[in-house]
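Quick notes on the structure that follows.
None of the figures in this text is laboratory data; all of them are computed from the coordinates on show. Since the structure is predicted, the reported quantities are computational estimates derived from the model, not experimental observations. Cβ: placed from backbone, ideal geometry, glycine included. Neighbour counts: every protein chain shown.
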Amino acid sequence: MRLLYLTVVVLSIVRICRPCSWPAVDVLFILDSTANVGPDNHDLMKTFVTNVVDSMNIGSTDSRVAVAQFTPMARIELSLAHGISRINLLKEEIMNIPYEPCFSKNDEKKCQPVASINSLAKQGLSSADGNRQWVADVVVVISSALFSIPELNENEVLLHPTSPIHAFFITVGGSSALYGDLQSSATNVRLSAIDFAALDDLVAPLCESANDFIGNLRETSASAFLGGSTCLILLISLVVAFIVILLMMACSLYSYRKECNETKERLRKRDNEIKRQYEYYRKQLETERQRGVGGQTGQEATTTGQAKLETSIVHHHYHQDQSQSRENLNQSSTSLARSPKKKIKSTTAVPSRVTHPNTIESGADSQDYDSEAYSSDEEVSEADSVQRAVSNLPDGHPARTLPPVDLLFLVDSSSSIGLTNFESVKNFLITFLDNVDIAPGRSRAATIIFDKEPTVYFNFDRFYSHNTIKKALSKLPYRGGPTFLAKALNFAAGILWQEQNMKSGKYRKHKLMPTPKHDRLQVMIIVSDGYSEDSVVKAATQMHDRLRVKIAAVVTKSFNKERMVPITRFDGSVFTQDQKEALSLWMWRQQKLWNENYGSYIKREKSLPLSTSRA
């Protein structure tokens, strides 16, 4: 656009600076020298003619000028043969033309015959006086409105033109419509002036009209333009400035592209450096973990020894109780042999323990066997009692009194979250697990990472201990790439649907609440910055309405919280990385509400056998 604007400006300046130049013509000026004009106005007409001649190239091969007057009699002042001298001499001869009007007040025949345009053109444009056949002829008539020179007198023979004639009628002080068309001319143009002093304003329009009708403007303007040194210098300056501007633009474009390439190269080197640092620190961390395997193995061995010790204590108490029961049985049999009355009492006191030698009774009977490994009123197996004793959570922790939960981590590993945020997210998840009761028969955890495609990093059946899940989370890989959160939500929905064990419809419907499809609460924690290249509304609706999964979100920055509200449906379910305790309280509250709504229902439905009447 700038180049186009500059081109328009240059062309307009060239047009303004370029003087109008007549084409090569044979021109005849016809002046009004009647008594109505006056000497002063006659001089103004001659000045106008000289100004017109200034815009012509006078010469034997260029333009030729002839001047005639009507007083009203015809007078030829200059012929075409005389109008080939130098322009200064020609202008001087034009200015020396006398003003001699003819007065016919006393004698009307004195000013006879009256001149006509046809007769003046016949004399002034004759071949004998220098009219050329290959050059166009021009007739310029300058007259006042008080006297109108006739085009053709009575019984006058019409002019036979040697070459095409172009007639220009200039009327001073009146309308140019007073003149008729010259019948022998090819074109007729009429111009008007207010007075004789305004004739100079018609020099340029007359030149332009001559060029428009004759059509030699392109041939003559170049030489006239190049003749003006000021315009030539200005044009050269504009061309030089135009070239300089083009060079500056080219230089700027080259610098811009060079800077872009250098920036891309720096970014590529920085990314490679970050990847190398990441690989270095990852290897260092792996080495430190391998060094700590021995210590952890010792701790696990100690834990296993404690579990075996507690198991042996339980077995010791059991065998002690069993041996005591046998002694009581022997004593009762001995006493039964001695006393028949005591035999009945003895045989009715022991059968409950002898009939079930491999179970630990609950309820009132379990109070006889006081043990700290279990304190509920349900039957607890030996493995559960040992696992409760070695739980990662301390006694009295809120998570140990709540029902178990299936916890799914959906972690964003795309390029939008960045490597630094990804590492902080892993540390957040590892510390968050300190408030989750993970053990066999208790809560389970699984992890899905996603970028362009979701991937199961480990499922619910992979790890059963707190430490192994922490190790797995610490090794989460950062993959980069685009972010497709909706695809990851649909993938996670399939994983959670496969884990649901009450979706067959063989269980009775809940009377007050929507019937659950799993015997434990399912919670999904999404870790992302909220950006996604696909729509997540439909996938989130499926999670809430069909699978009845509780969803919480952990965002990398506070201003990303609003992006996750359509997924969690609640603003209070979106947390930042400094709200670990708030997230734990949220999950405990969901477990408590689920237990209040479905705890007794799940216990009853799982304890009774299925039948066709209940299906």
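About its Cα centre, the dipole of segment 20-227 is roughly 280 debye, where the only charges are +1 on Lys and Arg Cβ and -1 on Asp and Glu Cβ. Proximity of backbone amide H atoms, modeled 1.01 Å from N, is registered between Val25 and Ser63, Arg64 at under 5 Å, excluding neighbours fewer than 5 places apart on the same chain.
When the trypsin sites (Lys or Arg not before Pro) in segment 59-160 are filtered for DSSP coil states and for at most 12 other beta-carbon atoms within 10 Å of their beta-carbon, the remaining sites are Arg86, Lys105. In terms of distances greater than 20 angstrom between alpha carbons, the cross-link table entries Lys452/Lys538; Lys426/Lys592; Lys557/Lys580; Lys452/Lys487; Lys283/Lys426 yield Lys426/Lys592. Spin-label model, Asp43 to Ser209: label points 7 Å out along the Cα-to-beta-carbon direction sit 2.7 nm apart. A cut-off of 5 Å between modelled amide H atoms, ignoring neighbours fewer than 5 places along the same chain, links Val554 with Ile526, Val527, Ser528, Phe575.
Spin-label model, Met513/Ser415: points 7 Å from Cα along the beta carbon direction are separated by 4.5 nm. Charges on Cβ only, +1 for Lys and Arg, -1 for Asp and Glu, centred on the Cα centroid of segment 515-573; of Val554, Ser528, Gln542, which one is farthest towards the dipole's positive end? Of the candidates, Gln542 comes out farthest on the positive side. Simple point charges give the picture: +1 on the Cβ of Lys and Arg, -1 on the Cβ of Asp and Glu, and for segment 523-568 a dipole about the Cα centre of about 220 debye.
Remark on Ser192: its backbone amide H falls under 5 Å from those of Thr171, a criterion applied only to residues 5 or more positions apart or on other chains, H modelled at 1.01 Å from N.
With R₀ set to 60 Å, the beta-carbon distance separating Arg589 from Met248 gives a calculated FRET efficiency near 0.30. Placing unit charges on each Cβ (+1 for Lys and Arg, -1 for Asp and Glu) gives segment 398-607 a dipole about its Cα centre, and among Leu585, Ser465, Gly441 the Cα reaching farthest toward its positive end belongs to Gly441.
The phi-based Karplus calculation (6.51 cos²θ - 1.76 cosθ + 1.60; θ = phi - 60°) puts the 3J(HN,Hα) values of segment 89-95 at 5, 5, 5, 5, 5, 5, 5 Hz, whole numbers, x for Gly and Pro. Highest mean packing first, where packing is the average number of other Cβ atoms within 10 Å per residue, the peptides 437-444, 253-260 line up as 437-444, 253-260. Only one residue of Leu78, Ser127, Met56 has its Cα farthest out toward the positive end of the dipole of segment 20-227, where Lys and Arg carry +1 and Asp and Glu -1 on Cβ, and that residue is Ser127. For segment 20-227, the number of Lys pairs with C-alpha atoms closer than 25 Å, counting only pairs eight or more positions apart or on separate chains, is 5. Full extension of the chain segment joining Ser424 with Glu288 gains 47.0 nm, where the gain is 0.36 nm per residue of separation less the Cα-Cα distance. Antiparallel beta bridges, as assigned by DSSP with both residues in segment 398-607, represent about 15 percent of the total such bridges. Rounded to 0.05, the FRET efficiency of the Tyr278 and Leu232 pair, given R0 = 60 Å and the Cβ-Cβ distance, is 0.30. In plain terms, the chain from Ala241 to Leu89 could stretch by 50.5 nm, reckoned as 0.36 nm per residue minus the Cα-Cα distance. The modelled label-to-label distance between Lys475 and Arg546, using points 7 Å beyond Cα along the C-beta direction, is 3.4 nm. Extension gain, Arg400-Arg270: 0.36 nm per intervening residue step, less the Cα-Cα distance, totals 42.1 nm. Give the shape of segment 398-607 as rounded, prolate or oblate, defined through the alpha-carbon gyration tensor: a ≥ b ≥ c are the square roots of its eigenvalues, a/c under 1.5 means rounded, and otherwise the shape is prolate if a/b is larger than b/c and oblate if not. Judged from the Cα gyration tensor, segment 398-607 comes out prolate (a/c at least 1.5, a/b above b/c).
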